[in-house]
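Have a look at the structure below before the remarks.
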Amino acid sequence: MEQCYPFEALPLPYPYDGLAPYLNAETLTFHHDKHYQAYVEGLNQILEKCPQYQSWSLNRLVTEYAHLPRSIQEPVRNNAGGVYNHGLYFMGLCPGGSMPGSRLTAVIEKAFGSFQNLNDALIQCAMSQFGSGYAFLISDAWGRLGLVKAPNQQVPLSSRMCPLLAIDVWEHAYYLQYQNRRKDYLTALTQVIDWSFVEHRYADVMDATRRRGQRG
Ligand code: MN3
């Protein structure tokens, strides 16, 4: 799902009230239609004035923004990051949640001991992000899972790391429903994570690694 200019917000693959009561419709509507949309528009506005970079994919923008003219590096980093991270966040949720299949479960147990441990560690990682940012479940190029946090709209994407799941801990992600209770939000969120989406992304990372191995 490589996205290109002009960028568009990915439509929610579930209704606005589909994640209730864990995330209510008001929270989801503002988050998707206002906050996510603002990053999309911000990125398009920057690139509108820089046609020579309109061919850059979203992945390229978030990984190679440092090669852009200095004046747009920071705005591209923030806005392209916001587009990437929000797409990943919303696509990683689904009504009722879903469980990982046997293949991903085995990888999770190897890295975290158990699925429950992963959920606990994910909440802990997201709680420890001071201020705005995200917690991510990532895979390295060898298929090893890990958790990382990042401030603002930084994206932990590189040749050796791919984010599989993004947990948004900006206050706008939960304030309307949970106010300052970030942990309540995170605990609720673990009920609606779409682990089959995570498993698909993980399979994609492994396929890409195999292809690179065959080339090399
Ligand atoms: Mn957000």
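Could you please let me know if Ser102 is farther than 26 Å from Ile138 by Cβ and open to solvent by 70 Å² or more (accessible area, probe 1.4 Å)?
Considered against the rule, which asks whether it is farther than 26 Å from Ile138 by Cβ and open to solvent by 70 Å² or more (accessible area, probe 1.4 Å), Ser102 comes out as no.
In the range 152-204, what residues are at pLDDT below 95 and assigned to a helix (DSSP H, G or I)?
Across the range 152-204, the qualifying residue is only Asp204.
Looking for whichever is open to solvent by 70 Å² or more (accessible area, probe 1.4 Å), out of contact with any Lys or Arg (no Cβ under 7 Å at 6 or more places or on another chain), hydrophobic (A, V, I, L, M, F, W, C) and modelled with pLDDT of 95 or more here; the options are Phe30, Phe7. Which one fits?
Phe30
Of the numbered conditions (1) under 15 Å from the mean Cα position of the chain (by Cα); (2) crowded, with 21+ Cβ neighbours inside 10 Å, Tyr185 fails exactly one; give the number of that condition.
All conditions are met except number (1).
Hey, could you check the range 151-172 for residues that are within 13 Å of the ligand (Cβ to nearest atom) and open to solvent by less than 10 Å² (accessible area, probe 1.4 Å) and say which is nearest to Tyr39 (Cα to Cα)?
The qualifying residue nearest to Tyr39 (Cα to Cα) is Gln153.
The values are calculated or read from the model by the stated rules, or taken from the named source; none is laboratory data. Quantities reported herein were computed from a predicted structural model and do not represent experimental measurements. Positions of Cβ are backbone-derived with ideal geometry, glycine not excepted, and every protein chain shown enters the neighbour counts. These area figures cover heavy atoms from the full protein model, side chains too; ligands, DNA and RNA do not enter into them. Shrake-Rupley method; radii C 1.70, N 1.55, O 1.52, S 1.80 Å.
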